[in-house]
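S.K.: Please find one structure pasted underneath; my questions will follow.
Just so it is clear, none of the values below were taken in a lab; they were calculated from the coordinates. Here the structure is a predicted model, which is why all the values come from computation and not from measurement. No Cβ is skipped: glycine too gets one built from the backbone with ideal geometry, and neighbour counts run over all protein chains shown.
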């Protein structure tokens, strides 16, 4: 009997990668992307026993919606959405074929539209983007559980 193999199967949950990915090609797929995020978070709770606050559930779906919408709007071809549980957060990663990096505009209450990334950055613990050999990858992390002291999920309080 291989004890190393048994130990591998008995590793603590957060040492194991929990993720899901899907390709989206049409604007009608944005609702499907939100549904995938909801199903993933529900699975983290029901199957893996990870805490997911109601606030985090809504925030992850909003981040997915904004990032997939931007990819479908500004890049030709499909986009790839990956959700991964990592260190008490869900990392939302979207790859698309456009090498143009997102333009993050300064907050402007008089501007109509183009507030998506502004919202995503405000909700997330971290936000980053970089060019790939083909296209770009955008990653945002949302904390899964509200702080026991009352701080909402999202940015960690300093």
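S.K.: Once the Cα gyration tensor of region 13-70 is diagonalised, what are the square roots of 5 times its eigenvalues, in whole Å and ordered largest first, as equivalent ellipsoid semi-axes?
M.R.: That gives 22, 13, 9 Å for the three semi-axes.
S.K.: Here's something else I'd like to know. Can you compute the FRET efficiency between residue 69 and residue 47 using 1/(1 + (r/R0)^6), with r the Cβ-Cβ distance and R0 = 22 Å? Round to the nearest 0.05.
M.R.: E(calc), rounded to 0.05, equals 0.20.
S.K.: Relative contact order for region 18-143: what percent, with Cα pairs under 8 Å and sequence separation of 6 or more?
M.R.: Values: 212 pairs, mean separation 32.4, N = 126.
With pairs under 8 Å counted, the relative contact order is 26 percent.
S.K.: For region 23-147, state the semi-axes of the equivalent ellipsoid (square roots of 5 times the eigenvalues of the alpha-carbon gyration tensor), sorted largest first and rounded to whole angstrom.
M.R.: 23, 17, 13
S.K.: Ok, one more. Order these peptides, 106-118, 39-51, 71-83, 88-100, by their mean beta-carbon neighbour count within 10 angstrom, highest first. Mind dumping the intermediate values first?
M.R.: Numbers: 106-118: 10.3, 39-51: 14.3, 71-83: 17.6, 88-100: 19.9.
For the peptides 106-118, 39-51, 71-83, 88-100, the packing ranking is 88-100, 71-83, 39-51, 106-118.
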